[in-house]
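Written below as structure tokens is the structure these notes are about.
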Amino acid sequence: MSPREVVIVGASVAGVAVADELRRLGFEGRLVLVGDEPHPPYDRPPLSKDLLTGRTEPDRIRLREPAHYTDRGITLMLGVPAVRLDGRRVELADGRVLTPDAVVIATGARARSLGEPRPTLVTLRGLDDALHLRRRLADGTRLVIAGGGFIGAEAAASARALGADVTLIEAAPLPFAHLLGDEMAAALVRPHREAGVRVLTGTPVQRVDRAGGTENVLLADGQVVHGDLVLAGLGSIPNTGWLDGSGLDIGNGVRCDATGATALPGVCAVGDVAAWYEPGLGRHVRHEHWTSATEQARTVAARLLGRSPKAVPGAGVPYFWSDQYGARIQSLGNPELADETHVVHGSLDEGSFAVLYGREGRLIGAAGRDAAAHVMRHRRAITAAPFPLQPTGGT
């Protein structure tokens with residue numbers, strides 16, 4: 001039976017995609033989209049790139065124009081976080097209570113920090129974060145980035161484009177190595193060093209102290225790096241605190257079956273906050289990727305309306321991209337699980353290359369730089385041996 005009212009908690013890419021897909025599939029009931037930020041829903045990938053450098057502005061990264069929500073009868077409740085879930089009863093911070101027939105959790109994740117935030121000790125997760133960092137960055141600004149993941153790397157490239165003096169600190173021997181392997185990681189770090197970024201690896205940050213107008217970053221090996229600004233690029237934590245006491249299965253995110261259903265009837269989860277069961281891996285996985293969010297949204301919308309999700313070739317295959325120094329890096333599948341790699345296009349010493357990743361003789365991933373055709377052509381092959389859905393609970 002189709003619900004009469006659906007509340008989507010989280011004005012994220014995943015949340016907006018669920019709302020749009022419900023309307024596309026013919027849902028005519030009340031549709032509410034709740035967001036904790038006051039801004040209209042926006043796209044996050046530009047935050048560390050074009051928005052940070054000033055090549056674009058906030059109104060250009062909106063997911064939809066205001067008329068889109070009005071025309072489709074989507075009610076926006078912005079600037080008010082959800083604070084509690086009791087069954088399908090959603091309590092908001094301003095005292096309002098929503099009691100829909102179905103709830104979709106799309107509250108995303110928040111950035112890990114290095115301590116109590118201050119104007120010179122920041123994270124980069126939301127629009128306000130990016131605008132604050134942009135105002136602070138200038139030619140000669142000393143920026144220290146703790147964490148060599150893709151957010152940290154993109155921020156480093158953007159800051160260098162603005163003339164900032166950048167130090168990138170990574171606890172592992174190489175940034176990206178745990179995701180893409182040592183050889184490709186070395187190839188991706190090289191442009192940073194060539195651009196003048198000081199890359200320090202193999203030692204984690206112990207603490208950050210501010211003294212004399214300077215941020216002092218103490219590393220585990222005793223080094224101290226001084227900066228005007230410190231950016232924590234240490235990954236994210238799913239926003240599940242408001243779900244305490246809800247009865248949901250919470251681990252690294254809200255645990256769902258392979259179609260997004262949770263242990264609570266009528267409650268689903270999508271996007272960065274959700275850990276979907278992956279039959280091929282035999283475990284729950286939280287994918288923090290734009291494409292995963294939109295694919296999950298299609299599945300959940302169909303489920304809420306009592307329809308079988310339509311099979312999409314390559315659906316559920318993790319995919320992400322990163323733009324750095326004018327080059328596009330792409331990753332498909334699960335390269336981090338590989339036991340062998342093969343360069344199939346170009347060379348890791350060149351500007352354009354593609355790498356295939358295998359495990360036990362089966363293709364499980366592909367990645368490359370400026371080699372979109374050579375990476376994406378393998379998407380079907382990665383899913384050539386489909387697995388049956390094995391729900392772990394829910395409706």
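Below, the figures for the structure above:
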item: Bridge type composition, the range 113-232 - antiparallel percent by DSSP, nearest 5; result: 40 percent
item: Dipole in debye (nearest 20) - the chain, about Cα centre, beta carbon charges: Lys, Arg +1; Asp, Glu -1; result: 720 debye
item: Percent of C-alpha pairs per 5 Å bin, the range 3-88, short to long; result: 3, 13, 23, 23, 16, 11, 6, 3, 1
item: Environment charge of Gly253, counting only residues whose C-beta is closer than 9 Å and scoring Lys/Arg +1, Asp/Glu -1; result: +1
item: Carbon/sulfur fraction of accessible area - the chain, other protein chains in place, 1.4 Å, %; result: 49 percent
item: Per residue value of the accessible surface for the chain (all protein chains in place, 1.4 Å probe), Å²; result: 44 Å²
item: Cβ-based net charge around Thr167, under 14 Å, with every Lys or Arg adding one and every Asp or Glu removing one; result: 0
item: Inter-label distance, nm, simple model (7 Å from Cα along the C-beta direction), Leu25/Gln223; result: 5.1 nm
item: In nm, spacing of pseudo-spin labels at Arg359 and Thr56 (7 Å Cα→C-beta vector); result: 3.3 nm
item: Top of Tyr277, Tyr325, Tyr42 by mean-square fluctuation, Gaussian network on the chain, Cα under 10 Å; result: Tyr325
item: Of Arg118, Arg362, Arg62, the one that fluctuates the most in a GNM where the chain has Cα springs shorter than 10 Å; result: Arg118
item: Isotropic mean projected area of the C-alpha convex hull, the range 113-232 (nm²); result: 7.0 nm²
item: Crossing angle, helix 13-24 versus the chain [Cα axis fit, 0-90 degrees, rounded to tens]; result: 30 degrees
item: Within-15-Å neighbourhood charge of Glu154 [Cβ basis; K, R +1; D, E -1]; result: +2
item: Sites Asp94 and Ser347 - FRET efficiency at Förster radius 51 Å, r taken between beta-carbons, to 0.05; result: 0.35
item: Pair Asp244, Arg380: separation of 7 Å Cα→Cβ label points (nm); result: 5.0 nm
item: The chain, helix-only ellipticity at 222 nm - DSSP H runs n ≥ 4, -39,500 (n - 2.57), divided by all residues, nearest 500; result: -6000 deg cm²/dmol
item: Fraction of antiparallel bridges per DSSP, the chain only, in percent to nearest 5; result: 60 percent
item: Convex hull volume per residue in cubic angstrom - Cα atoms of the range 220-300; result: 158 Å³
item: Quarter of the Cα convex hull surface for the chain, i.e. its orientation-mean projected area (nm²); result: 19.6 nm²
item: For the range 58-159: Kirkwood Rh in Å [reciprocal of mean 1/r, alpha carbons]; result: 17.2 Å
item: Debye equation applied to the C-alpha atoms of the range 155-218, log10 I(q)/I(0) at 0.26 Å⁻¹; result: -1.14
item: Scaled radius of gyration (Cα, divided by 2.2 N^0.38 Å) that the range 326-381 gives; result: 1.03
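The values are calculated or read from the model by the stated rules, or taken from the named source; none is laboratory data. Since the model is a prediction, treat every value here as computed from it, not as a measurement. Ideal geometry is used to build each Cβ from the backbone, glycine not excepted, and the neighbour counts take in all protein chains shown. Note: areas computed on protein heavy atoms with side chains; ligands, DNA, RNA excluded. Shrake-Rupley method; radii C 1.70, N 1.55, O 1.52, S 1.80 Å.
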